[in-house]
Each structure stands twice: as C-alpha cells, then as structure tokens.
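Student: Below: one structure in structure tokens.
The values are calculated or read from the model by the stated rules, or taken from the named source; none is laboratory data. Quick caveat: nothing in here was measured; it's all calculated off a predicted structure. Glycine gets a Cβ as well: all are built from the backbone with ideal geometry, and neighbour counts include every protein chain shown. Surface accessibility is based on the protein's heavy atoms, side chains included, excluding ligands, DNA and RNA. Shrake-Rupley method; radii C 1.70, N 1.55, O 1.52, S 1.80 Å.
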Amino acid sequence: HQYRSAGPIVDYISETFYGGQLTTSYDPETIRPPKDQKPGISWTNVSGPAVAQQGNVNPLEAEAIAAHIRLLLEQGYDGSIGVISPFRPQVQAIEAAVRAKVPVQKLEAAEFRVATVDGFQGQERDVILFSPCLSATSALSAVTFLQKDLRRLNVAISRARAVAHVFGDLAYARSAKVRALARLAAVATEP
C-alpha cells in the first residue's frame, strides 16, 4: 500500500516498478492539486537543446519550471512545491532560474525545495515538478545514469502527493531509450 500519492501516480509507479502489486491508500482530504488541475501525472513538452550542453543542463526546462512555479504562486496556490532532477548541474540551473523569478517569501510559504533524486528521497510535496534533462543531444553517460537505476525515476515521481508534472522532451521520452520514461510520457499524455 502507498499512502502518500493520488491514485494515478500510484498506478504508474505500481505498473512500472512493482509489477502491479502496489495499491493506493491515500486520504483524499490530503490531496491539494493546483486550481483547475486533476491529481495525477502531467507533462509539459520542453524540447532538448539543439547542441549538447556541458554538465547535463537543459536551460529551457529550468526556465519553463521557473515560469510554472511563478504562475502557480501568483494564482494563489497554497500547497507545497518541490523540483527534482537526476543531475546536480540541472538542479543548480533550476534553483537559479526560480530564485530569479519568484520572491523568496512565496517560495518559503510553498516549502519550495529543489534537489537531485537522491537528495529528495524521504521527502514529499503536494506538487513535484520533474526535470529529466534528457534529449537526443544528451551525453550517453546521462542516459545510462537513468537507465542503470530506474529507482531514481520511481523516487522522483513518488514524492508527489497530488501532481507529478514532468517538464521534458516528449519526443525523446517516446523514443523509449529509457522505457520507464516512455511509459511516464504515455501515462501523462495519452487517454
């Protein structure tokens, strides 16, 4: 049983990582999605960079996440927000982009935290924004890093109570170089 996350999130985790054995047992009163958004998994397509970036960074994902957080907080969202990426340089880029766009008091009120998957383990937030930072121009070592230990993807998505929102290159995800990411894209974008 998983008591943290809304049903659609647990369904993805169960099918992808637990052979369908995980069931959701959350209390609907604890689920706080943003206004006009259903609990579950969503995806915003952010193309990867045209040329390989140094250190596993996708500046477009960082900027899209910062803009989304600003919008959520300007619209009065009062739940907690976390951001996760597998790569430390991307975490630093996201942190800088968010802090440049959003007043620190609003971030503190939202219990805002951005960290690597390993750094976020044991934590949870109402909304988790995930930056996979993978595209056709990614270094093979970056792809292998995620393929080698799929628990990282499990941890990233399972930290969300209400919404796990991915900001990533949808075409790359659908290419199935990382099967769990392809499944995540399908769950988030297909009926």
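Student: Which of Val163, Val127, Val51 ends up with the largest GNM mean-square fluctuation for the chain, with Cα atoms connected below 10 Å?
Tutor: Val51
Student: Pairwise over distinct Cα atoms, reciprocal of the mean inverse distance: report the Kirkwood radius of the range 1-94 in Å, one decimal place.
Tutor: Answer for the range 1-94: a Kirkwood hydrodynamic radius of 15.6 Å.
Student: I've got another one for you. Give me the one-decimal Kirkwood hydrodynamic radius in Å for the chain, with the sum taken over alpha-carbon pairs. Don't skip to the end; give the middle numbers.
Tutor: On the way: mean 1/r = 0.0610 Å⁻¹.
Hydrodynamic radius (Kirkwood, Cα only) of the chain equals 16.4 Å.
Student: Based on Cβ point charges of +1 for Lys and Arg and -1 for Asp and Glu, what charge dipole magnitude is obtained for the chain about its Cα centre, in debye rounded to the nearest 20?
Tutor: Dipole magnitude for the chain comes out near 340 debye.
Student: Another one. Compare the Cα positions of Pro8, Thr144, Asn45 along the charge dipole of the chain (+1 at Cβ of Lys, Arg; -1 at Cβ of Asp, Glu; about the Cα centre) and return the one farthest towards the positive end.
Tutor: My answer, from the dipole projection, is Thr144.
Student: Could you go through the range 170-176 in sequence order and give the Karplus-derived ³J(HN,Hα) for each residue, using 6.51 cos²θ - 1.76 cosθ + 1.60 with θ = phi - 60°, rounded to whole Hz, and x for Gly and Pro?
Tutor: Each residue of the range 170-176 in turn: 5, 4, 5, 4, 5, 5, 6 Hz.
Student: Could you size up the charge dipole of the range 77-130 around its Cα centre, putting +1 on the beta carbon of Lys and Arg and -1 on that of Asp and Glu, and report it in debye to the nearest 20?
Tutor: Value, rounded to 20: 240 debye.
Student: Another one. Averaged per residue, what accessible area in Å² does the range 73-146 show with a 1.4 Å probe, protein chains only?
Tutor: Accessible surface, normalised per residue, equals 42 Å².
Student: Taking the inverse of the average 1/r across all pairs of different Cα atoms in the range 134-185, what Kirkwood radius in Å do you get?
Tutor: Numbers: mean 1/r = 0.0871 Å⁻¹.
Kirkwood hydrodynamic radius for the range 134-185: 11.5 Å.
Student: Want the number for Val143 to Ala50: 0.36 nm per residue separation, take away the alpha-carbon distance, what's left?
Tutor: 31.8 nm
Student: Within the range 29-142, what whole-number % of the accessible surface is contributed by carbon and sulfur, with the 1.4 Å probe and all protein chains included in the calculation?
Tutor: On the way: 2760 of 5530 Å².
On the range 29-142, the fraction of accessible area on carbon and sulfur atoms equals 50 percent.
Student: Using a basic spin-label model with each label point 7 Å from the Cα along Cα→Cβ, how many nm lie between Glu111 and Ser25?
Tutor: 2.1 nm
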